[in-house]
Structure formats: C-alpha cells, structure tokens
Amino acid sequence: MRPTENEKDIASFAGRLLRERFGKGPEAAHVVMQGPFITIYLRHFLSPMERVILEQEGEQAIFRLRESMMHKIVPEINGYVQSVTGQVYKNFYHDSDFNKESSIFVGIDENAYDGENPFKEYPGKKKLEERVRQVTAEAEKNPTKSFQAC
C-alpha cells in the first residue's frame with residue numbers, strides 16, 4: 001500500500017522535528033492512517049547521546065530522558081497531524097524499543113468510539129490478554145488492570 005500525500009507529509013514533519021530536537025532523526029519514518037487510527041513508526045532512532053547513556057546507565061536512564069523529551073514533542077506532532085488531516089486525536093501515545101532503535105506513535109481519533117468501547121469483548125480476548133500479561137511480565141511489569149484499547 002502506497003503512502004498518501006498526508007502520510008508522507010506527516011512522516012517528513014516528524015523526522016524533521018525529531019532531528020531538530022535530538023540532533024539526529026530517524027533513518028526512516030513511516031505513517032499509516034486507517035480508520036480512527038494513525039501510527040508513525042520510526043526506524044533506527046537513537047541519538048549518539050542516547051546510545052552512550054544506554055551503554056553506561058542502562059535502559060531506565062534513557063527511558064526517563066526520552067519520556068521527558070516526548071512530553072513536549074507528542075503535542076507538537078499531534079497538532080501538526082490535526083492541521084494536515086483535520087482529525088482530532090484525543091489520545092496520542094508513544095513507545096520506544098531502544099535495543100531495536102525504533103519508536104512508534106499511535107493516535108486515536110476523538111470520535112472513534114461513541115461511548116461504548118468496541119473492544120470490551122471480542123473473539124480471542126482471554127488468549128490475547130494472557131499473552132499481554134506474559135510479555136509484560138518479561139518486561140518486568142505486570143498489568144494492573146484488564147487490557148483495553150481505550
């Protein structure tokens with residue numbers, strides 16, 4: 001599937017913004033907009049400074065640094081996405097895998113759900129939730145409540 005002009009524009013903006021803020025941007029940014037969701041995937045996004053911190057102090061130190069930076073960057077990306085698409089993303093999240101040097105942003109349109117959560121019950125829910133618990137436990141933190149998309 002070929003990216004739309006909006007997706008290309010958003011990917012370019014995200015890469016440029018991160019390059020300005022981190023001194024090094026991602027090798028590639030890929031955006032997919034489908035339904036009420038937008039994802040922005042960043043490949044090979046780890047600045048030289050972050051790499052040193054990761055080697056010397058470990059993942060938790062770089063996690064705190066990245067969280068602090070993203071606290072300012074996420075609203076900027078969300079605002080730009082809204083200006084380009086006209087969609088309001090009420091929820092906009094980010095996560096990083098420092099070992100794979102990748103990050104992802106996920107936005108959910110504010111009108112995605114009219115009151116009722118469509119993910120409350122679905123086929124395979126118990127199996128998926130159990131797998132999420134396993135993966136999360138491996139990452140050293142068990143979920144505190146049932147997995148829900150919203």
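The values are calculated or read from the model by the stated rules, or taken from the named source; none is laboratory data. Since the structure is predicted, the reported quantities are computational estimates derived from the model, not experimental observations. Cβ: placed from backbone, ideal geometry, glycine included. Neighbour counts: every protein chain shown. Accessible surface is based on the protein model in full, side chains and every heavy atom, while ligands, DNA and RNA are left aside. Shrake-Rupley method; radii C 1.70, N 1.55, O 1.52, S 1.80 Å.
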> Restricting attention to region 26-62, which residues are loosely packed, with under 13 Cβ neighbours inside 10 Å and touching a residue at least 60 places away in the same chain (Cβ under 8 Å)?
Replying inline: G35
> Of all the residues that make up region 1-38, how many are touching a Ser or Thr at 6+ places or on another chain (Cβ under 6 Å) and of a type in the set (K, R)?
Replying inline: 1
> Only one residue in F22, F92, F98 is among the aromatic types (F, W, Y), surrounded by 16 or more Cβ atoms within 10 Å (Cβ to Cβ) and closer than 16 Å to S12 by Cα, so which one is that?
Replying inline: F22
> Going by the structure shown, is E101 modelled with pLDDT of 75 or more and of a type outside the set (A, V, I, L, M, F, W, C)?
Replying inline: yes
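If you go through region 118-141 one residue at a time, how many are assigned to a loop (DSSP other than H, G, I, E, B), under 17 Å from D95 (Cα atoms) and either modelled with pLDDT of 80 or more or open to solvent by less than 100 Å² (accessible area, probe 1.4 Å) (or both)? Full working, then the answer.
Here is the first cut: in region 118-141, the residues assigned to a loop (DSSP other than H, G, I, E, B) are 118-124, 139-141.
Cutting the leftovers down to under 17 Å from D95 (Cα atoms) gives us 139-141.
Those still in the list that are either modelled with pLDDT of 80 or more or open to solvent by less than 100 Å² (accessible area, probe 1.4 Å) (or both) too: 139.
Going through region 118-141 one residue at a time, the tally reaches 1.
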> How many of the residues in region 43-74 are outside any helix (DSSP H, G or I) and out of contact with any helix residue (DSSP H, G or I) (no Cβ under 9 Å at 6 or more places or on another chain)?
Replying inline: 3
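Yes/no per residue for (1) at pLDDT 95 or above; (2) in contact with a strand residue (DSSP E or B) (Cβ under 8 Å, 6 or more places away or on another chain):
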| position | (1), (2) |
| --- | --- |
| A11 | yes, yes |
| K24 | no, no |
| P36 | no, yes |
| I40 | yes, yes |
| H44 | no, yes |
| S47 | no, no |
| E50 | no, no |
| Q56 | no, no |
> So which residues in region 9-18 are surrounded by fewer than 14 Cβ atoms within 10 Å (Cβ to Cβ) and either touching a residue at least 60 places away in the same chain (Cβ under 8 Å) or of a type in the set (D, E, K, R) (or both), if there are any at all?
Replying inline: R16
